[in-house]
Amino acid sequence: MATFRDGLSDLTRTGSEAPFAPGSGPEVYIETYGCQMNVYDSQVIEGLLKRGGFRLGDNDLGADIILLNTCSVRDLAEHKVISRVGDLRHRRLKADLPQPVIGICGCMAERLGKKLRKGPRRVDLVVGVDSYDTLPDILHELTSARGVVVPETLRTRTGFSNDALYVAPPALYPTNNSHLVTIHKGCDYKCTYCIVPYTRGPQSEKDPDSILAEIRGIVAGGGREITLLGQNVTAYRWTDDLDFAGLLERVVEVEGLERIRFLTGHPRDMHPHLMDTIGRLEKICPWLHLPVQSGSDRILRRMKRLYTSGEYLDMVEYARRAIPDVTFSADIIVGFPGETESDFQDTLEVVRRVKYDQLFSFKYSERPGVPAARLADDIPVEEKKRRLAELMKVQEDTWAGEAAGQVGEIWTVVAEGKARRPAGSWRLRTPNNRKVVLHDASLEIGQQVKVRITGSTNTTFVGELLA
Ligand code: SAM
Ligand code: SF4
């Protein structure tokens with residue numbers, strides 16, 4: 001298995017083994033579903049294909065090859081992709097154009113494998129998370145060898161490999177002006193509801209020198225902010241002497257880098273030493289995304305989350321003392337098997353007490369083969385919907401009080417880009433991840449300015465520029 005641990009530049013130029021001369025290969029269009037890790041993986045795929053001579057397109061109708069980089073976390077996410085395959089085929093038929101090669105990459109590829117090669121919405125190839133380096137060759141076969149039968153074994157590439165740690169070429173226009181840097185793959189936690197350990201395999205770390213080289217490359221290209229990515233970045237451990245706190249200590253040393261964010265942390269790994277480190281190092285943004293999932297100890301045990309709500313709240317208190325201006329966001333699942341009204345009320349209580357800046361809340365979705373699938377999915381869908389709506393209302397009300405208290409505050413913010421509307425307005429973000437819109441501003445991406453907060457809508461603040 002090829003790895004690109006030392007190969008940042010290898011992914012950005014055409015290697016001699018490239019199946020096509022630079023820029024002369026077929027056009028590929030990539031559509032990304034799911035989390036930020038998939039966004040990074042799509043960058044990896046782009047890098048590999050560009051190096052292989054393929055051209056990257058920005059629409060499905062013009063492409064020779066369409067790759068869907070997919071998510072399996074919830075049932076709905078998978079359904080969307082399957083119906084998108086049908087939609088893509090139909091669009092070609094309607095436009096009287098030849099059918100493209102369609103491939104499914106990522107978590108669905110790993111979970112469903114060969115099944116995706118069957119039925120009316122079958123795809124031409126299936127490539128799991130650790131097999132992206134096989135893409136240039138198989139796509140070459142599928143597009144050049146018209147009429148030649150490509151063996152089934154080449155069309156479905158899945159299975160885990162500890163050293164399949166890729167380094168993506170830096171994004172030209174990174175999301176929120178923050179360059180993604182995946183620091184490890186997989187997950188060794190086994191939360192009972194979650195498919196990720198089965199679709200992304202065991203946790204395996206990218207080595208710190210590669211991570212630092214990748215970040216230096218981003219800074220050399222003009223990037224000033226990064227987001228360290230992983231299913232559980234806080235569980236990063238290269239050696240007994242280098243854990244996530246140690247990695248942060250090394251990353252802050254990169255000259256020219258101004259801000260470091262990270263996603264996602266596991267509450268269980270938020271040790272005082274890590275929180276002290278985050279609080280002490282100025283370049284580390286004071287924003288913690290720490291999914292609580294539930295506020296009921298009974299449900300947390302059934303989810304195998306390895307903390308109680310009391311421990312979670314203690315950790316939040318500690319973080320508030322250790323990290324100046326820290327803000328929190330979280331994921332919550334409602335309607336986990338056996339969740340009673342009283343369990344749900346415990347969740348609402350945690351939301352009221354933490355006062356999250358942002359919540360990502362989901363109805364429980366049973367995933368085949370995970371431990372929780374052995375429990376009856378006994379909360380009716382209507383009740384899940386009701387709980388979700390109530391949770392969102394509690395979050396909105398709690399947040400509205402918090403947001404109103406910020407009017408008049410003066411914040412330092414970084415410009416991320418022009419806002420879609422109103423015309424002439426700009427999107428900016430604070431180090432602790434609060435979004436601010438400025439009307440009638442004239443800024444540059446990455447510019448740091450001071451603003452006074454004048455109001456807010458939902459999770460976005462409105463401000464005025466201070467001279
Ligand atoms: N690693 C992160 C963590 O520990 O929380 C998150 C990973 S998961 C891809 C993102 C979120 O999806 C989870 O935090 C959880 O709230 C949600 N999720 C995962 N499995 C789910 C399921 N079966 N049903 C509903 N939501 C789910
Ligand atoms: Fe899934 Fe739990 Fe791992 Fe997060 S920590 S990816 S929720 S198993």
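Quick note: the coordinates plus some simple rules give every number you see, no bench work behind them. Quick caveat: nothing in here was measured; it's all calculated off a predicted structure. FYI the Cβ positions are ideal-geometry reconstructions off the backbone, even for glycines, and counts take in every protein chain you see.
If you rank V127, V219, V407, V251 by fewest surrounding Cβ atoms within 10 Å, what's the result?
With the fewest neighbours first, V127, V219, V407, V251 line up as V407, V219, V251, V127.
For E317 and A400, the difference between the fully extended length at 0.36 nm per residue and the C-alpha to C-alpha distance is 27.8 nm. Using the Cα coordinates of the stretch 341-397, the gyration tensor eigenvalues translate into equivalent-ellipsoid semi-axes of 24, 12, 11 Å, sorted from longest to shortest. Using DSSP, restrict attention to beta bridges with both residues in the stretch 86-232 and report what percent are antiparallel, rounded to the nearest 5. The antiparallel proportion sits near 20 percent.
By the rule of a C-alpha distance below 14 Å, with chain neighbours fewer than 8 residues away ignored, the aspartates and glutamates paired with K94 are D60. Between the listed residues I299, F262, G113, the Cα displaced farthest toward the positive end of the dipole of the chain, a dipole computed from Cβ unit charges relative to the Cα centre, is found at G113. The helix-only estimate of mean residue ellipticity at 222 nm for the chain, built from DSSP H runs of length n ≥ 4 each weighted as -39500 (n - 2.57), is -10000 deg cm²/dmol after division by the residue total.
The distance linking the stretch 344-411 with the stretch 100-147 is 37 Å (Cα centroid to Cα centroid, whole angstrom). Sequence-ordered 3J(HN,Hα) estimates for the stretch 411-426 from the Karplus curve with 6.51, -1.76 and 1.60 and θ = phi - 60° stand at 10, 8, 9, 10, 6, 9, x, 6, 7, 5, 7, x, 4, x, 9, 10 Hz, glycine and proline given as x. Treating each Cα of the stretch 104-169 as an identical point scatterer and summing with the Debye formula, the log10 of I(q)/I(0) at q = 0.15, 0.17 Å⁻¹ comes to -0.48, -0.61. Between V292 and D331, the built amide H atoms are under 5 Å apart, and every one of these is 5 or more places off in sequence or on another chain. If you bin all the Cα-Cα distances of the chain at 20 Å, starting from zero, the percentages per bin are 22, 55, 22, 0. Pairs exceeding a 22 Å alpha-carbon distance, out of K50/K114; K50/K418; K355/K393; K283/K418; K190/K393: K50/K114; K50/K418; K283/K418; K190/K393. Given the stretch 70-147, what whole percent of its Cα pairs are spread farther than 23 Å? The answer is 22 percent, as a whole percent. The region of the chain that goes longest without hitting one of the trypsin sites (Lys or Arg not before Pro) in a DSSP loop, each with at most 10 other Cβ atoms within 10 Å, is 147-419.
Checking Cβ-Cβ separations below 4.7 Å across the chain identifies C35, C71, C105, C107, C187, C285 as cysteines lacking any candidate disulfide partner.
Looking at the stretch 317-467 only, what percent of DSSP beta bridges run antiparallel? Nearest 5 please.
DSSP beta bridges in the stretch 317-467 are roughly 65 percent antiparallel.
The separation of the stretch 73-87 from the stretch 18-45, counted between C-alpha centres, amounts to 20 Å. Our coupling estimate for the stretch 186-197, obtained by passing each phi through the Karplus curve with A = 6.51, B = -1.76, C = 1.60 and θ = phi - 60°, is x, 7, 9, 6, 10, 4, 5, 8, 9, 8, 3, x Hz, Gly and Pro reported as x. Looking at the chain alone, DSSP beta bridges between its own residues are antiparallel in about 35 percent of cases. Database remark: amide H of V129 closer than 5 angstrom to the amide H of G106, E110 (H placed geometrically; neighbours at sequence offset of 5 or more, or on other chains; Pro and chain starts carry no H).
In the stretch 352-436, the alpha-carbon atoms span a convex hull of 184 Å³ per residue. Our coupling estimate for the stretch 438-449, obtained by passing each phi through the Karplus curve with A = 6.51, B = -1.76, C = 1.60 and θ = phi - 60°, is 10, 8, 6, 9, 10, 10, 10, 4, x, 5, 9, 9 Hz, Gly and Pro reported as x. Residues whose amide H falls under 5 Å from that of L56, counting only those 5 or more places apart or on a different chain, are V28, with hydrogens built in the peptide plane.
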